[in-house]
Amino acid sequence: MQSESKSRYLHHIDGIRAIAVSLVFLYHLKIPGFSGGYLGVDMFIVVSGYLISALITKELEQTGQFRFGIFYARRLRRLVPALAAMSLVFLMIGVLLFSPEMLIRLAREARAATLSFSNIQFWQESDYFDIASDLKPLLHTWSLSLEEQFYFFWPAMVLLAWRLAGRRGFAFITIFTAAASMGMNVACSTGVLVPSISWLSPLEDGPASTFFLLPFRAFEFALGALLVIPRKWEFQNNLLANLIALIGATLITIAVYSSVGSWSNPPWQSLVPCVGTSILITVGGQGVSGRLLSSRPFTWVGVRSYSIYLFHWPVIVIWTYVFGSMSMLGITAAVVAAFVLSTLCYTFVEQPFRSPTKPILKPFFSVIALLILSTTIILMNGWTFRITPPQGLAILGSAKEFHRDYFGGRGFKPPKSGLISATDILLVGDSHGQQYAEGMTREIAEPEDLCLTVLAGTSCLHLPGFVRTSLGKDWQQLVDNGIDEILRHIAAVRVQPIVVMSHSWLNQMAKSKLSNSLSAQTETVLTPVDVAEGILALQSVGHIQWLVVIGQIPGAGRNDLYDELMRPRLSRKPVSEIGSSVATIVTIEFNEILAKIAATTGKFIFINPTDVLCDGPICDNLDEEGRPLYSDSLHLSKFGSRYFVRQIKSQLLRLIHERERDLILHTESQIAR
């Protein structure tokens, strides 16, 4: 991805770099028509393979030896100062804008990039194209680590092959590397290789491995290296050069416009832009393409491509983090900021440090300083002294820890054994049933001296005739066991308990299907009516007298409500924005359908969460004291659980008092006997 100081400056190479970095930038800006712009990284890799191999073979041919010390000193001067400068700039910005969790994430990414293993770190985390990736500030450094790992292995491999068989040895090792890497891609992506070899089990995710890891990208470097095998590429006339360049440009264009932002694409799809890039390299400065690629606008961007690449993505992440999405203003601001910062970096960092007269210790010291700073941030929990949280809300290390500690169902689990015959309220469902446990306990059970039993938590619909279709567990057995447990607890109580049921209805509907009496799954797509029929079936089977069904909660409408509350004042959004969200149409319609069926049949009482939490389509995210109602994007927090139950308390108390009257009558009849 970087250029080399050579006796003969290759202008067209910088032109190719300009195209590559522009494609990546446009892809990250989500500009329509550039969904395959991420393939610009593949173009960079081919260029790197070509330049580094040309440098190595030239020295071997002229001197018969290779000076590793000089090679790695050049790489250090070329790569590290700009990377360190970029990381330090955004760490300082992160201190002003980021929550502790986000700052820790940035520090970890900076450390991984500095030590050249960020591709491995991101491989272990998640999808490069998923929503969360939009908030990984140094995600783009995976390709730099990949390149640095290539620099570590390739010179020694080439030297060994050259010592054994000269240029033919170089040709052999290059062709072998390309073939082996492509073969691994095919084997891993099709699942042929991994299941049969136990120590390759970490690669069973397939697409993630082929996207991030060097062995699967080596064929792209090797394609560039293949161009070095002939000593010189030259075409007899410009017409032929133009025709061949057109083929190369067409291949790149087809790849970019036909690909989508997904690493599930087959690995050989990246072969197309790589071949196109190789063709443009071979044409060189000849013909129309050579003149265009060597023109001043292209070379101006090309020589700055490394700095542009370094700065463009963190700028986009910061805008997205602070403002939520990339508007036209955001796109304009990101382009201007990226070019200003990259130009400053190129002028005052890249160029000065590339000079061989500069002491090699300066880049080394920048690495040490960056590692110390990033490690300090991590060890000090993201410098929480910067944050003033809402009253009553603790500063925790991460949103995951907040969800773990503040989930409305935390600490409430089904009884390990036996039946609780004194149960007054029976809470059932998945985690969305469990989330009401905190509120039911603190607002009703404890004040009224009642016994609450929680049978919620298992992630499936606890309704007859349904089965979850996800792999990995015997879901039919889990559903059956869950229903049996509900019915057993109801039967064990002298006077039936009030049964309160809730699920993540829409989520479970998407993961479940109807089943017949033999538990064979059908292909029916579930509807709210199907769910209502399942509720009625459970009520009928259990002869449930008091059944309360809580509908689909609207959710926070954002991925990380806790993070937004933990930001420094400079980037914290106003309460008017954080404190509300808009209920989706599908949530509103689902709740309305179940409310109508409940009113029509009279078999269960339906509580509509959008009536409780929303004013029209606008729903609350914070309680009266500014604390989050949700522990993550969809689950109620302890605050939210109590807030919700307080709103429906009078409705539940009427049922409780009705049940108490029945209990008194039952007791009197027993005495009379």
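The values are calculated or read from the model by the stated rules, or taken from the named source; none is laboratory data. This structure is a prediction, so every number in the text was calculated from the model and none was measured. Counting neighbours? That spans all protein chains shown, and the Cβs are built from the backbone with ideal geometry, glycine included. Just the protein is used for accessible areas: all its heavy atoms, side chains included, with ligands, DNA and RNA removed. Shrake-Rupley method; radii C 1.70, N 1.55, O 1.52, S 1.80 Å.
Let's see how each residue does on (1) farther than 30 Å from Leu329 by Cβ; (2) modelled with pLDDT under 90:
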{"site": "Thr253", "(1), (2)": "no, no"}
{"site": "Ser258", "(1), (2)": "yes, yes"}
{"site": "Pro273", "(1), (2)": "yes, no"}
{"site": "Ile279", "(1), (2)": "yes, no"}
{"site": "Gly285", "(1), (2)": "yes, yes"}
{"site": "Arg296", "(1), (2)": "no, no"}
{"site": "Tyr306", "(1), (2)": "no, no"}
{"site": "Ile316", "(1), (2)": "no, no"}
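When the criteria are applied in full, Leu83 fails the requirement of being over 33 Å from the mean Cα position of the chain (by Cα) and either open to solvent by 10 Å² or more (accessible area, probe 1.4 Å) or not charged (D, E, K, R) (or both). Selection of the range 30-54 for residues being touching a helix residue (DSSP H, G or I) at 6+ places or on another chain (Cβ under 8 Å), open to solvent by 10 Å² or more (accessible area, probe 1.4 Å) and within 15 Å of Pro230 (Cα to Cα) yields only Tyr50.
May I ask you to verify whether Gly287 is more than 19 Å from Gly37 (Cβ to Cβ) and open to solvent by less than 10 Å² (accessible area, probe 1.4 Å)? For Gly287, the condition - more than 19 Å from Gly37 (Cβ to Cβ) and open to solvent by less than 10 Å² (accessible area, probe 1.4 Å) - is met. Restricting Ile229, Ile244 to those that are at pLDDT 90 or above, open to solvent by 30 Å² or more (accessible area, probe 1.4 Å), touching a helix residue (DSSP H, G or I) at 6+ places or on another chain (Cβ under 9 Å) and not in a helix (DSSP H, G or I) reduces the list to Ile229.
Among the criteria (1) within 20 Å of the chain's Cα centre (by Cα); (2) open to solvent by 40 Å² or more (accessible area, probe 1.4 Å); (3) of a type in the set (A, V, I, L, M, F, W, C); (4) farther than 22 Å from Trp319 by Cβ, the one Leu135 does not fulfil is (4). Those helices (runs of 4 or more DSSP H) of the range 569-632 in which 1 or more residues are more than 32 Å from the chain's Cα centre (by Cα) and surrounded by fewer than 17 Cβ atoms within 10 Å (Cβ to Cβ) occupy 585-601, 609-613. For the range 67-80, a residue qualifies if it is open to solvent by less than 20 Å² (accessible area, probe 1.4 Å) and farther than 18 Å from His312 by Cβ, and the qualifying residues are Phe71, Arg75, Arg78.
Say whether the condition of being in contact (Cβ under 8 Å) with a residue 24 or more places away in the chain, more than 22 Å from Tyr436 (Cα to Cα) and either open to solvent by 30 Å² or more (accessible area, probe 1.4 Å) or of a type in the set (Gly, Ala, Ser) (or both) is met by at least one residue in the range 634-647. No, every residue in the range 634-647 fails to be in contact (Cβ under 8 Å) with a residue 24 or more places away in the chain, more than 22 Å from Tyr436 (Cα to Cα) and either open to solvent by 30 Å² or more (accessible area, probe 1.4 Å) or of a type in the set (Gly, Ala, Ser) (or both). Applying the set (1) in a helix (DSSP H, G or I); (2) among the charged types (D, E, K, R); (3) farther than 26 Å from Glu438 by Cβ to Glu658 leaves exactly one unmet item: (3). Please tell me if Gln545 is among the polar types (S, T, N, Q), surrounded by fewer than 21 Cβ atoms within 10 Å (Cβ to Cβ) and either within 21 Å of Leu455 (Cβ to Cβ) or over 35 Å from the mean Cα position of the chain (by Cα) (or both). Answer is yes for this residue. Within the range 444-474, track down each residue that is assigned to a helix (DSSP H, G or I) and either among the polar types (S, T, N, Q) or open to solvent by less than 20 Å² (accessible area, probe 1.4 Å) (or both). Residues satisfying the conditions are Ile444, Ala445.
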